[in-house]
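For reference, the structure is listed below as structure tokens.
The values are calculated or read from the model by the stated rules, or taken from the named source; none is laboratory data. Being a predicted model, the structure only gives us computed values, none of them experimental. Because the Cβ atoms are built from the backbone with ideal geometry, glycine has one as well, and the counts that use them run over all protein chains shown. Protein only, heavy atoms only, side chains kept; ligands, DNA and RNA dropped before computing areas. Shrake-Rupley method; radii C 1.70, N 1.55, O 1.52, S 1.80 Å.
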Amino acid sequence: MKIAISSDHGGNNLRKEMVNLLNEMGIEYKDFGPHTDDSVDYPDYATPVAEAVVNGEADRGILICGTGIGMSIAANKVKGIRCALVHDVFSAKATRGHNDSNILAMGERVVGAGLAREIAKTWLTEEFEGGRHEKRVQKITDLEK
Ligand code: RB5
């Protein structure tokens, strides 16, 4: 599995924590930055990650900003993206199992590093359950037509 990851300035520290986690888990990734602490606009960093997922350069993505909200709104504008804004472990498991989410968004100003690591570990390892959830996810895809 390969992960595309980015943040804005409000998510820089948690993005680095997520990069550490990916290294610990032996998961390949591409870090789209930002590589300075300058103030940046979150859509500019959500887009390359969303496009990497849609074009197959990455299997899934992780996006971090201050709240996770801006990143998730921006990513979900890209056709084929199902970005879930998650701040608890239960939802991390459910959104993989039920929604087949392909991007995880979190807010550095919302969740601590320890919980964020548990959320990401769960989200990275849970599989889509398929079955009755297939047609529901397909109905989301149909909305893009
Ligand atoms: C940046 O100040 C902040 O607005 C951004 O990180 C994010 O929370 C937006 O949704």
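Observations on the model:
- Gaussian network model of the chain, springs between alpha carbon atoms under 10 Å - residue of 131, 112, 33 with greatest fluctuation: 131
- Stretched out straight at 0.36 nm per residue, the stretch from residue 132 to residue 57 would grow longer than its current Cα-Cα span by 24.1 nm.
- Whether segment 71-145 is rounded, prolate or oblate, judged on the alpha carbon gyration tensor where a/c under 1.5 counts as rounded: oblate
- Here is how the number arises for the chain: DSSP H runs of 4 or more residues each give -39500 (n - 2.57), the sum is divided by the residue count, and the result at 222 nm is -14500 deg cm²/dmol.
- Amide H contacts of residue 61: 4, 103, 104, each under 5 Å away and 5 or more positions distant or on a separate chain (H built 1.01 Å from N in the peptide plane; Pro and chain starts excluded).
- Rounded percent of accessible protein surface that carbon and sulfur make up, the chain, 1.4 Å probe: 49
- At 1.306 mPa s and 10 °C, Stokes diffusion of the chain via Kirkwood alpha-carbon radius, µm² per second: 107
- Per-residue 3J(HN,Hα) values for segment 86-101, derived from phi via the Karplus relation 6.51 cos²θ - 1.76 cosθ + 1.60 with θ = phi - 60°, read 9, 10, 8, 6, 4, 5, 4, 5, 5, 6, 6, x, 9, 9, 6, 4 Hz in sequence order (x marks Gly and Pro).
- Net charge contributed by nearby residues that have their C-beta within less than 9 Å of residue 21 (K/R +1, D/E -1): 0
- Gain upon complete extension [residue 143, residue 1; 0.36 nm per residue less C-alpha separation]: 48.4 nm
- Value of relative contact order over the chain, rounded to a whole percent, pairs C-alpha under 8 Å and six or more apart: 24
- With R₀ set to 25 Å, the beta-carbon distance separating residue 41 from residue 16 gives a calculated FRET efficiency near 0.80.
- The chain - accessible surface per residue (Å², probe 1.4 Å): 49
- 3J(HN,Hα) couplings calculated from phi for segment 36-47 with the Karplus curve 6.51 cos²θ - 1.76 cosθ + 1.60 (θ = phi - 60°) are, in sequence order, 9, 8, 4, 5, 10, 9, 4, x, 5, 9, 6, 4 Hz; Gly and Pro show x.
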